[in-house]
Amino acid sequence: FQMDTTAESYLDLFPLDAIVYLTPDSENVLEDIDPNKVYVLGGLVDESIHKQLTLRRAREQSLRTARLPIREYMVRAPNSRNYHSETLAINQVFDVLSTYYETRSWPAALRAGVSSGKGYVLPDTAEQ
């Protein structure tokens with residue numbers, strides 16, 4: 001993948017109706033990737049302190065939001081800490097999106113990007 005970096009804001013570079021802000025707190029499920037849209041991957045270090053920060057930021061900027069379809073394709077795996085989180089690191093979100101774009105398969109994409117440490121697994125691996 002080729003990437004360009006700039007100090008300019010995405011708000012100054014793209015029309016608002018072309019931007020989709022990805023946040024785990026969105027009510028909207030990302031069902032497909034539109035090559036005519038710009039997907040913003042927010043970055044947070046501590047998910048417990050900044051709960052819903054990315055959703056608030058997107059709403060303040062009047063942006064459309066979406067979340068990855070983790071709940072739709074994955075199940076909660078039993079674990080000793082009873083820990084389940086849909087908040088992913090930027091590289092994990094990128095892995096999910098790029099794998100989905102290549103395969104057009106959400107299960108394959110989520111398998112590639114969502115580590116078992118998040119407490120979610122695909123149904124076919126839940127009993128393993």
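Measuring with a 1.4 angstrom probe and ignoring ligands and nucleic acids, Met74 comes out at about 10 Å² accessible. Computed with a 1.4 Å probe over protein heavy atoms only, the accessible surface of the chain comes to 64 Å² per residue. With 0.36 nm allotted per residue and the present C-alpha distance subtracted, the Ser116-Arg59 stretch has 17.5 nm of extension available. With a simple spin-label model that places each label point 7 Å from the Cα along the Cα-to-Cβ direction, the separation between Asp17 and Thr125 comes to 4.0 nm.
When each of the peptides 94-107, 24-37, 5-18 is scored by how many other beta carbons lie within 10 Å of its residues on average, the order from highest to lowest is 94-107, 24-37, 5-18. Run through the DSSP bridge list for segment 10-121 and note the antiparallel percent, rounded to the nearest 5. If I count the DSSP bridges inside segment 10-121, around 20 percent turn out antiparallel.
Heavy-atom surface analysis with a 1.4 Å probe gives the chain a carbon and sulfur content of 49 percent of its accessible area. The charge dipole of segment 10-121, taken about the Cα centre with unit charges on the Cβ atoms of Lys, Arg (+1) and Asp, Glu (-1), comes to about 360 debye, rounded to the nearest 20.
Could you calculate the FRET efficiency of Val38 with Asn82 from 1/(1 + (r/R0)^6), where r is the beta carbon distance between them and R0 is 35 Å, rounded to 0.05? Result of the calculation: an efficiency of 0.45. For the chain, relative contact order (Cα pairs under 8 Å, six or more residues apart, normalised by length) works out to 25 percent. Relative to the dominant Cα principal axis of the chain, helix 90-103 is inclined by about 90°.
The modelled label-to-label distance between Tyr101 and Glu8, using points 7 Å beyond Cα along the C-beta direction, is 2.0 nm.
The values are calculated or read from the model by the stated rules, or taken from the named source; none is laboratory data. Computed from a predicted model, the values in this text were never measured in an experiment. Ideal geometry is used to build each Cβ from the backbone, glycine not excepted, and the neighbour counts take in all protein chains shown. The area values use the complete protein model at the heavy-atom level, side chains included, leaving out ligands, DNA and RNA. Shrake-Rupley method; radii C 1.70, N 1.55, O 1.52, S 1.80 Å.
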